[in-house]
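*Asks:* Sharing a structure, written as structure tokens. Questions coming.
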Amino acid sequence: MSAAENPAAPATVLLYSHRPEVREAVRTAVGRRPAGDVGPLTWVECSTAAEVVSAVDAGGIDLCVLDGEAQPTGGIALTRQLEVEVADRPAVCLLIARQPDRWLAHWSRAEATLSLPVDPLVAPGVVADLLRSSTRRPAVRP
């Protein structure tokens, strides 16, 4: 049973950024248990887009937190790719550096955004809300 089906179950969160300091900041801000009814979290860290695709394809990921500023493949493009290619992709939260990038996050079909630098008062709530969501819309097929 996934975290989406049972919020008290352990959840696996994939975290993507080419920058280790961004991954550390997100893990620190969210913590191991973002809410009393969510978690504990297991973090799967990825530093390349290929690692993300492989991990999502393998299954068992409840939420992806992707850095929109990652290089060479940004999280926005990767979100759109996963939306098109993975039938039951997990929910995605995009890390964005500029508020005007929210429209790109919406275009990519991400379920949520977090601003960089990550606010430790906001991030746990966003992650917990996404993990509590019991339904995922089907992926868009070309």
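*Asks:* Here is a check on your reading of the model: is P72 out of contact with any helix residue (DSSP H, G or I) (no Cβ under 7 Å at 6 or more places or on another chain) and not charged (D, E, K, R)?
*Replies:* yes
For every residue, the table says whether it meets (1) of a type outside the set (G, A, S); (2) modelled with pLDDT under 95; (3) over 21 Å from A50 (Cβ atoms).
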position: I76; (1), (2), (3): yes, no, no
position: P90; (1), (2), (3): yes, no, no
position: I96; (1), (2), (3): yes, no, yes
position: A112; (1), (2), (3): no, no, yes
position: S115; (1), (2), (3): no, no, yes
position: V118; (1), (2), (3): yes, no, yes
position: P124; (1), (2), (3): yes, no, yes
position: R137; (1), (2), (3): yes, yes, yes
position: V140; (1), (2), (3): yes, yes, yes
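*Asks:* Still on this structure, please answer the following. Of everything in region 17-52, what is under 22 Å from S133 (Cα atoms) and of a type in the set (V, I, T)? Give them in sequence order.
*Replies:* Those that are under 22 Å from S133 (Cα atoms) and of a type in the set (V, I, T): V26, V30, V38, T42, V44, V52.
*Asks:* Considering every residue within region 52-63, establish whether at least one is more than 21 Å from L116 (Cα to Cα), at pLDDT 95 or above, of a type in the set (S, T, N, Q) and not in a helix (DSSP H, G or I).
*Replies:* no
*Asks:* I'd like to check something: does region 40-56 contain any residue that is β-branched (V, I, T) and more than 17 Å from S17 (Cβ to Cβ)?
*Replies:* yes
*Asks:* Being in a loop (DSSP other than H, G, I, E, B) and within 14 Å of the chain's Cα centre (by Cα) is the filter; apply it to region 70-87 and report the residue that is surrounded by the fewest Cβ atoms within 10 Å (Cβ to Cβ).
*Replies:* It comes out as G74.
The values are calculated or read from the model by the stated rules, or taken from the named source; none is laboratory data. These numbers were taken from a predicted model, which means no experiment stands behind them. We place every Cβ from the backbone using ideal geometry, glycine too, and count neighbours over all the protein chains shown.
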